Structures are given as C-alpha cells and as structure tokens.
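The structure appears right after this line, and notes come after that.
The values are calculated or read from the model by the stated rules, or taken from the named source; none is laboratory data. Since this is a predicted model, take the numbers as computed values, not measurements. No Cβ is skipped: glycine too gets one built from the backbone with ideal geometry, and neighbour counts run over all protein chains shown.
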Amino acid sequence: MTEEPATLRTHYQECVRLTAAGLKPSEVAQAMGLSTKQVKRIVDSDIAQERITNLQRERDERSLDISVRLQALCEPAVNIIQAALTSGDLSGLKASDQLKAAFGVLDRNGHSPVQKSLNVTAKMTDEDYEEIRRRARRAGILPQAQAPIDVEAEVVAKEA
C-alpha cells in the first residue's frame with residue numbers, strides 16, 4: 001500500500017473538482033482522457049474524499065447564501081411590480097427594465113410562470129417521420145400533401 005501525498009497533483013485536483021461538481025467517474029474519465037478505473041482510484045483516496053466533502057460543503061454554503069440574498073429581494077421585487085401596475089412611476093428607469101428585473105428575482109426564488117416542456121430523444125427512420133406526417137395530415141395539423149411539381153414540364157409549357 002502506498003502512502004498518500006499531503007497534496008494532490010493538478011490532474012488529481014481536477015478529478016476531485018469534477019467529482020464534487022456531480023460528474024460520474026465515467027464522465028470525469030472522458031473529460032480528462034483517463035480510464036474510469038484511474039478516476040475511481042483517485043477519488044477513492046482519503047485525501048480526495050476529504051477534498052470532495054470540503055468542496056461540496058463550500059458549494060452548499062455559497063448556495064445557501066445566494067438563496068438567502070435572493071429571498072431578501074422578493075419583497076422589493078413584488079413592490080416594484082405593484083408600483084408598475086398601480087402608479088406607473090418607476091424612478092426614471094423604463095418600466096419594462098424594472099419589471100424584467102423584478103420578475104427575474106421572483107423566478108429565481110421559485111415563483112416562475114408555469115411552463116410546459118417535453119424533451120424526447122428517439123432514433124427514428126424516414127418511415128417513422130413519414131408516418132408522423134401522415135397522421136398530422138389526417139388530424140389537420142399539416143396541409144395535405146401535394147403532387148410534386150415537374151419543373152422541366154413547367155419550363156417547357158411556359159416556353160410554348
């Protein structure tokens with residue numbers, strides 16, 4: 001068993017940093033050009049585990065501080081929105097700029113407008129796409145397919 005150094009080499013530090021940021025060992029390995037086994041060996045060491053724990057704790061403390069500061073801005077943000085809606089006097093700034101900033105603060109505090117989004121990843125063939133187009137046409141979402149235009153025949157007809 002080898003003794004661990006008191007400090008980590010630069011690439012070891014990067015492995016630790018990426019791991020603390022939440023990347024999986026395979027992702028760290030790919031990003032750094034190492035094998036997953038090498039990354040696991042690095043981050044499993046006692047000194048690396050201590051650094052990972054410290055980095056995560058520091059990150060959590062910073063996040064908490066930012067959260068507290070943003071929460072303190074909620075009330076002024078609501079006041080700005082209320083002032084914009086009631087009086088129109090916005091202390092020299094354009095109303096749209098103040099409203100944008102106020103809504104941004106509210107959004108970062110979990111008061112964002114509801115948004116629906118769906119992310120789908122699929123491997124589809126040309127036949128799959130054509131079937132979707134057929135269904136969309138039947139449902140009236142897409143216009144009915146038109147016969148392809150024969151450009152050569154159109155040119156000959158116009159010349160005649």
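Of all positions in the range 106-113, none carries a residue that is among the basic types (Lys, Arg), surrounded by fewer than 12 Cβ atoms within 10 Å (Cβ to Cβ) and at pLDDT 65 or above. If you check ARG17, ARG51, ARG62, ARG41 for being exposed (fewer than 12 other Cβ atoms within 10 Å of the Cβ) and modelled with pLDDT of 80 or more, only one passes: ARG62. Could you please let me know if LEU118 is surrounded by 11 or more Cβ atoms within 10 Å (Cβ to Cβ) and either modelled with pLDDT under 75 or part of a helix (DSSP H, G or I) (or both)? Taking the combined requirement at face value, the residue does not satisfy it.
Inside the range 65-79, can you point out the residues that are of a type in the set (A, V, I, L, M, F, W, C) and loosely packed, with under 11 Cβ neighbours inside 10 Å? VAL68, the sole residue that qualifies.
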